[in-house]
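Contents: one structure, followed by commentary.
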Amino acid sequence: MREYLLTLCVTAAVTYLLTGPVRKFAIVAGAMPEIRARDVHREPTPRLGGIAMFFGLCAGLLVADHLANLNQVFEKSNEPRALLSGAALIWLIGVLDDKFEIDALIKLGAQMIAAGVMVMQGLTILWLPIPGVGTVALTQWQGTLLTVALVVITINAVNFVDGLDGLAAGMVCIASAAFFMYAYRIWYSYGIEAAAPATLFAAVLMGMCVGFLPHNMHPARIFMGDSGSMLIGLVLAAGAISVTGQVDPDVMKLFSGSERNAVHQMVPVYIPLLMPLTIIAIPAADLILAIVRRTWRGQSPFAADRGHLHHRLLEIGHSHSRAVLIMYFWSALIAFGALAYSVNSASMWIVLGVVGLSAVGLVLLLLPRFTPRAPRWAEAFVPPRYRRRRAAPAPGAAEGAGSAEAADDELRAPVPVGVSGGPGVPGVNGATALGARSRVPRG
């Protein structure tokens, strides 16, 4: 566990430290497109955050290769090298897309090629545990098609949900945390070494997201872009493929005792069929709804719009931060609910807990206008919007405050790329300048 945590911390540190220089590079390189109709941010923001995340992935795998115990993962399995090969290819396509806006069909082909590269190096689904049937061995073509399909679906699901500041990185971080706990339990409790690569992938993925989130939380100073969203989607899919298709259920020796006990004991074997789906449950639902919605309108399934789940949360009145937190809540509920059920499927308390938390989530969805107020003693530790309102100011002060708010709203208006924001980098406004953001009008 210490080596996994060290790998996670190194990955997070490298990603965090490189994101700042990458942001400056993205501004200089012009990877900062104009605001589109479907965007929710108001100021041009640089992309290419995936560059920092990719080097964080490389650093994490490099450190793991030199650790005493994790080094055996690289000696006994070719999966880490397969992951790195596919990640490098998909990352390169993402970087080009962030800069030049590659066609969607070209990106889809690149995703399939990246999945094929991983399959050729051994990262593929070999068998499937099917309830009521047992372990079913797959042919080479069946395993390849299933692996490619899972990679493409996961990448696009994560890419579709990347619409709010910190949303995709946070949801994938929550999902990878649940997946890490599941894979580590398979590896440590059952002594199955084949689950070690998936555990390593989950730890590295958590580090990538944790290191990038401080720069990406609202208001974001940089976006991960397709170079980041497709990368973390591929890493997430690689972990699911590794633990689903490489871990032989027969090695776990769960077929013992009565039939009732065998059914409960086999839950950890069948969970790999569901865990990848629970991890991307919300992104996958958003993906399916988007395809149905666009096809119904006669549009291309890859056409962009403002009908995603996070857009709908904003439309019903939730703030940007609250919409992100609600999506975090549902992701954690689904992922950790499946994890808890895999540990003890016979417990009714787990089912009741999931039902109760689901009710809480529904209440949060129905209260978009409710803003909790912190007590007086805690106001110094919470954002201003959660503090109690002070006494109304004098009429003259109120007019001054109104004019200040109007000036602030004017500053918040979107500025197209190419309009100078004052001294500094030409064509860059205050939100995308290299220094700290300023809301005070210059005299």
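The values are calculated or read from the model by the stated rules, or taken from the named source; none is laboratory data. As the structure is a computational prediction, the values presented were derived from the model and not from experiment. Please note: Cβ atoms are built from the backbone with ideal geometry, for glycine as well, and neighbour counts cover all protein chains shown. In case anyone asks, the SASA skips ligands and DNA or RNA and just uses the protein heavy atoms, side chains included. Shrake-Rupley method; radii C 1.70, N 1.55, O 1.52, S 1.80 Å.
Exposure check, 1.4 Å probe, all protein chains in place: Ser319 carries approximately 60 Å² of accessible surface.
A 1.4 Å probe, protein heavy atoms only, puts the accessible area of Arg23 near 10 Å². Taking all protein chains as shown and a probe of 1.4 angstrom, His218 keeps an accessible surface of around 90 Å². Subtracting the Cα-Cα distance of Lys76 and Val136 from 0.36 nm times their residue separation leaves 19.2 nm of extension gain. Computed from phi, the 3J(HN,Hα) profile of segment 145-150 under the Karplus parametrisation 6.51, -1.76, 1.60 (θ = phi - 60°) reads 5, 5, 5, 4, 4, 5 Hz, with x in place of Gly and Pro. In segment 62-197, Rg over Rh equals 0.99, where Rg is the alpha-carbon radius of gyration and Rh the Kirkwood radius from pairwise Cα distances. Charge tally for Asp65 (other residues, Cβ to Cβ under 12 Å; Lys, Arg +1; Asp, Glu -1): -1. Here the 3J(HN,Hα) profile of segment 19-26, calculated from phi with Karplus coefficients 6.51, -1.76 and 1.60 at θ = phi - 60°, is 5, x, x, 5, 4, 5, 5, 5 Hz, Gly and Pro shown as x. Taking all protein chains together, Lys107, Lys24 sort by accessible area into Lys24, Lys107, largest first [probe 1.4 Å]. Proximity of backbone amide H atoms, modeled 1.01 Å from N, is registered between Gly163 and Ala168 at under 5 Å, excluding neighbours fewer than 5 places apart on the same chain.
Amide H contacts of Thr135: Ile130, each under 5 Å away and 5 or more positions distant or on a separate chain (H built 1.01 Å from N in the peptide plane; Pro and chain starts excluded).
Relative to the present Cα-Cα distance, how much length would full extension add between Arg376 and Tyr188 at 0.36 nm per residue of separation?
Roughly 62.9 nm would be gained on extension.
Taking Cβ atoms as reference points and 12 Å as the exclusive limit, the residues near Phe25 contribute a net charge of +3, counting Lys and Arg as +1 and Asp and Glu as -1.
Under 5 Å between amide hydrogens, built in the peptide plane, is the criterion, and for Trp127 it picks out Leu138 among residues at least 5 positions away or on other chains. Can you give the local net charge around Val243? Use residues other than it whose beta-carbon is closer than 11 angstrom to its beta-carbon, Lys and Arg +1, Asp and Glu -1. My count for the surroundings of Val243 gives 0.
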